[in-house]
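**Q** Encoded as structure tokens, here's the structure I'll be asking about.
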Amino acid sequence: MCCSPTCTSTTQAGGYIQKDYNKPGIPWALLDATDDGYDVFGDGTIRCWQTPGHAPGHQSFEVTLPNTGAMLLTADAAYTTDHWEEKALPGFLASAVDALRSVKKLHRIAARSNATVVTGHDPDAWPTFKHSPEAYD
């Protein structure tokens, strides 16, 4: 059974097995539902944003670099540019409604911080980013 009350697909249910995550000796730091925009170091450099849809507990990250500025790592909340531009949904979702809401939320975050958006799996966008040995700073 899927760990999300909104996940109704039996094909998706097998992707979320609690025993894969709940293992002895792993010191998980669980955030409360009110911890949205959680500032990891307390200095604004890394913020965790709740972006469910792909998975119930999915998070995206806003990383603010001294010279580059804000980078919004959407991970699986926005797989591709088409998903980011609300032209398509990814194939694996726990909740389509949450996925759409998360993309809208990420748009607000990106606009507020003028962030460079990095989608999770876009082969067309990948060449537009710096690659080693270049770096964002």
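The values are calculated or read from the model by the stated rules, or taken from the named source; none is laboratory data. Keep in mind that this is a model prediction, so the values were computed, not measured. Please note: Cβ atoms are built from the backbone with ideal geometry, for glycine as well, and neighbour counts cover all protein chains shown. Please note that ligands, DNA and RNA were not included when accessible areas were found on the heavy atoms of the full protein model with its side chains. Shrake-Rupley method; radii C 1.70, N 1.55, O 1.52, S 1.80 Å.
**Q** Counting only residues 5 or more places away or on other chains, whose amide H sits under 5 Å from the amide H of Met71 once H atoms are built in the peptide plane?
**A** Result for Met71 returns Val63, Thr64, Leu65, Thr116.
**Q** In nm, what is the difference between 0.36 nm times the number of residues separating Asn67 and Lys87 and their Cα-Cα distance?
**A** That works out to 4.0 nm of additional length.
**Q** Please turn the phi angles of the stretch 49-57 into ³J(HN,Hα) values with the Karplus equation 6.51 cos²θ - 1.76 cosθ + 1.60 (θ = phi - 60°), one per residue in order, whole Hz, x for glycine and proline.
**A** 10, 6, 9, x, x, 4, 9, x, x
**Q** I want the antiparallel fraction of DSSP beta bridges within the chain, as a percent rounded to 5.
**A** Bridges in the chain are about 75 percent antiparallel.
**Q** Could I have the simple spin-label model distance between Asp39 and Thr128, label points 7 Å from Cα toward Cβ, reported in nm to one decimal?
**A** 3.0 nm
**Q** Then there's this: In a Gaussian network model over the chain where Cα atoms closer than 10 Å are linked, find which of Gln18, Gln59, Gln50 has the largest mean-square fluctuation.
**A** Maximum among the listed residues: Gln18.
**Q** If you don't mind, there's one more thing I want to ask. Please calculate how many Å² of accessible area the stretch 60-137 carries per residue, with a 1.4 Å probe and no DNA, RNA or ligand atoms counted.
**A** Dividing the accessible area of the stretch 60-137 by its residue count gives 57 Å².
**Q** Right, here's the next one. What are the ³J(HN,Hα) values, in whole Hz, obtained from phi via the Karplus relation 6.51 cos²θ - 1.76 cosθ + 1.60 with θ = phi - 60°, for each residue of the stretch 87-94 in sequence order, with x given for Gly and Pro?
**A** With the stated coefficients, the stretch 87-94 comes to 9, 7, 10, x, x, 10, 9, 7 Hz.
**Q** In addition: With springs connecting C-alpha atoms under 10 Å apart, model the chain as a Gaussian network and identify which of Ala115, Ala29, Ala78 has the largest mean-square fluctuation.
**A** Checking each option, the largest mean-square fluctuation is seen for Ala29.
**Q** On a straight-distance basis, which lysines could pair with Lys105 in a cross-link, Cα separation under 21 angstrom, same-chain partners fewer than 8 positions away excluded?
**A** Within the straight-line limit of under 21 Å, Lys105 reaches these lysines: Lys87.
**Q** Just to check I understand the Karplus step: with θ = phi - 60° and J = 6.51 cos²θ - 1.76 cosθ + 1.60, what whole-Hz values come out for the stretch 25-36, glycine and proline as x?
**A** Result, rounded to whole Hz: x, 9, x, 5, 9, 7, 8, 7, 4, 7, 8, 5.
**Q** Could you work out the relative contact order of the chain? I mean the mean sequence separation of Cα pairs under 8 Å and 6+ apart, divided by the number of residues, in percent.
**A** 22 percent.
**Q** In a Gaussian network model over the chain where Cα atoms closer than 10 Å are linked, find which of Arg47, Arg112, Arg101 has the largest mean-square fluctuation.
**A** Arg112
**Q** In the neighborhood of Val97, defined by Cβ-to-Cβ distances under 14 Å, what is the net charge if each Lys or Arg adds +1 and each Asp or Glu adds -1?
**A** Surrounding charge for Val97 is +1.
**Q** Take Asp137, project a point 7 Å from its Cα along the Cβ direction, then tell me which residues of the stretch 20-64 have their backbone nitrogen under 19 Å from it.
**A** Flagged as within label range: 45, 63-64.
**Q** Percent of accessible area on the chain owned by carbon and sulfur, 1.4 Å probe?
**A** Whole-percent figure for carbon plus sulfur exposure: 57.
**Q** With each pseudo-label sitting 7 Å past Cα toward Cβ, what's the Lys23-Val97 distance in nm, one decimal?
**A** 3.4 nm
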